[in-house]
Amino acid sequence: MTRALALAALVLAAAPAAAAPAKPDYGILLLAHGGDPDWNAQVEDLRRRVDAKVPAEAAIGMADPATIQPALDRLAARGVARVIAVPFFIQSRSEVMDQTRYVLGLRRRPSEVMRRAARRFDAMMASMPLAQRMMMPKMHLFGLERVKTRLPLAMTPALDGSPIVARVLLERARALSRDPGREIVVLVAHGPVDDRAVPAWDETLARQAAAVRRAGGFAGASYAILRDD
């Protein structure tokens, strides 16, 4: 199974089971961190695969109302009665997940961790020469805006310890492997800003690394969290 098909299966599994009717009454809002054109194209391909069975729209970014609002509007225009947001983020214990819940109206307060991180980023940018600032991509890091919709909203957990994710990781490790019994797999994940969230990330990544090691017959498996924010 390709990675896109595996993730499509994960999205459909996260959504509520549809009754017999061919047209479900709900729509799926895919939430994904933006990347290079190839990454964004794969997100769009996944959206199309899901959309073949359930109305689906995608919003790329980190809890960005500027991309989430249009996606919700498109779902409303397609006649769905409710929306299930499915985040393609690694861990549910995340400041990005907290801020996303706030943007969707599922949490009362915004993420203070995201607010502080945005202030640090702004201070760093202000210290850069103008020419260097002009070369930096524009990013949405934090805001108090929320989406406006009459549609009932719910959000699934992040990828967390899903066995489907373990299968995707195993597929990738096998593609690079030459002699599994003499190799160690290292998973590298973009970690949280919040120190208090690290144990939850440790637990998820340790579980996924162990699953890849067992299924692939590797000599060992470990993980690393990159916290460059």
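Would a scan of segment 46-59 turn up a residue that is open to solvent by 50 Å² or more (accessible area, probe 1.4 Å), in contact with a strand residue (DSSP E or B) (Cβ under 9 Å, 6 or more places away or on another chain), in a helix (DSSP H, G or I) and in contact (Cβ under 8 Å) with a residue 12 or more places away in the chain? Yes, segment 46-59 contains at least one residue that is open to solvent by 50 Å² or more (accessible area, probe 1.4 Å), in contact with a strand residue (DSSP E or B) (Cβ under 9 Å, 6 or more places away or on another chain), in a helix (DSSP H, G or I) and in contact (Cβ under 8 Å) with a residue 12 or more places away in the chain.
Pairs are defined by a Cβ separation below 8 Å, a sequence spacing of at least 6 or placement on different chains, a first member in segment 151-167 that is of a type in the set (Lys, Arg), and a second member that is in a loop (DSSP other than H, G, I, E, B); the pairs so defined are ARG167/MET1.
Each row is one residue, and each column tells you yes or no for (1) open to solvent by less than 60 Å² (accessible area, probe 1.4 Å); (2) more than 15 Å from SER162 (Cβ to Cβ); (3) in contact (Cβ under 8 Å) with a residue 24 or more places away in the chain; (4) among the small types (Gly, Ala, Ser).
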| residue | (1), (2), (3), (4) |
| --- | --- |
| PRO192 | yes, yes, yes, no |
| ASP195 | no, yes, no, no |
| PRO199 | no, yes, no, no |
| ARG214 | no, yes, no, no |
| ARG227 | no, yes, yes, no |
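Listed conditions (1) modelled with pLDDT under 85; (2) open to solvent by less than 20 Å² (accessible area, probe 1.4 Å); (3) of a type in the set (Gly, Ala, Ser) are all met by ALA166, apart from (1). Elements of the type helices (runs of 4 or more DSSP H) sitting completely within segment 77-142 and holding at least 1 residues that are modelled with pLDDT of 80 or more and not hydrophobic (A, V, I, L, M, F, W, C): these cover 95-103, 112-126. Of all residues in segment 92-104, those being touching a Pro at 6+ places or on another chain (Cβ under 9 Å), open to solvent by less than 50 Å² (accessible area, probe 1.4 Å), touching a residue at least 24 places away in the same chain (Cβ under 8 Å) and not β-branched (Val, Ile, Thr) number 6. Among the criteria (1) open to solvent by 70 Å² or more (accessible area, probe 1.4 Å); (2) of a type in the set (S, T, N, Q); (3) touching a residue at least 40 places away in the same chain (Cβ under 8 Å), the one SER127 does not fulfil is (3). Going through (1) touching a Lys or Arg at 6+ places or on another chain (Cβ under 7 Å); (2) touching a residue at least 12 places away in the same chain (Cβ under 8 Å); (3) closer than 23 Å to GLU145 by Cα; (4) surrounded by 15 or more Cβ atoms within 10 Å (Cβ to Cβ) one by one, ARG107 falls short only on (2).
The values are calculated or read from the model by the stated rules, or taken from the named source; none is laboratory data. As the structure is a prediction and not an experimental result, all values here were calculated from the model. No Cβ is skipped: glycine too gets one built from the backbone with ideal geometry, and neighbour counts run over all protein chains shown. Heads up: the accessible areas ignore ligands, DNA and RNA and are worked out on the full protein's heavy atoms, side chains in. Shrake-Rupley method; radii C 1.70, N 1.55, O 1.52, S 1.80 Å.
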